[in-house]
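Notes follow once the structure below has been shown.
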Amino acid sequence: MSECPMTLFGRKLLEEELNHLVRVEREEIKQAISEARDLGDLKENAEYHAAKERQSIIEGRILDVQSKIARARVINVSTLSMEKIVFGATVTIFDNQKEVTITFQIVGEDEAMTDPKKISYNSPLGKALIGKEIGDEVIVKAPKGDLTYEVQEITYG
């Protein structure tokens, strides 16, 4: 089982999601299934089948979140200070194609989905940036061709 790196904030988000799934979503779906059962024949009961499908999705996500929390390797970004880009770094890059400067933090997958100023360490750009230093050129293979960036700033905390 592989570790799942995340920031303190990312772990907090997962714990809040798990709490919501277990205490709210799971209870709501139990009620919906119970009400759908009361409508009669289960073979032709669309409400029952939809509720059971939703229950399956919720239970799957609960297992996924529990697994990520169990495998969590929480990284306290405020204690980091390096010359190279590592997980948790806030990076400013120059996009050579669009001629714009972009700043974002490299975080875990779930946390990256919560904020457009965060990218996953597993994304093509995130993978390309890990280990780079200020002034390095980064090339990302994309379907429409190579994308080139230049690292301008790296901060932690």
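The values are calculated or read from the model by the stated rules, or taken from the named source; none is laboratory data. All values derive from a computational prediction rather than experimental measurement. Cβ: placed from backbone, ideal geometry, glycine included. Neighbour counts: every protein chain shown.
Observations, loosely collected:
- Cβ-Cβ contacts under 9 Å between residues 6 or more apart (or on different chains), taken from a first residue in region 11-38 that is in the same structural domain as I57 (by TED's automatic domain parsing) to a second residue that is hydroxyl-bearing (S, T, Y) and not in a helix (DSSP H, G or I), are listed as L13/T114.
- Residue among K68, K52, K117, K30 that is under 23 Å from the mean Cα position of the chain (by Cα) and farther than 30 Å from D136 by Cα: K68
Table: residues versus (1) crowded, with 16+ Cβ neighbours inside 10 Å; (2) in contact (Cβ under 8 Å) with a residue 24 or more places away in the chain; (3) farther than 24 Å from G157 by Cβ; (4) among the hydrophobic types (A, V, I, L, M, F, W, C).
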| position | (1), (2), (3), (4) |
| --- | --- |
| A51 | yes, no, yes, yes |
| I57 | no, no, yes, yes |
| D64 | no, no, yes, no |
| L80 | no, yes, no, yes |
| F104 | yes, no, no, yes |
| A112 | yes, no, no, yes |
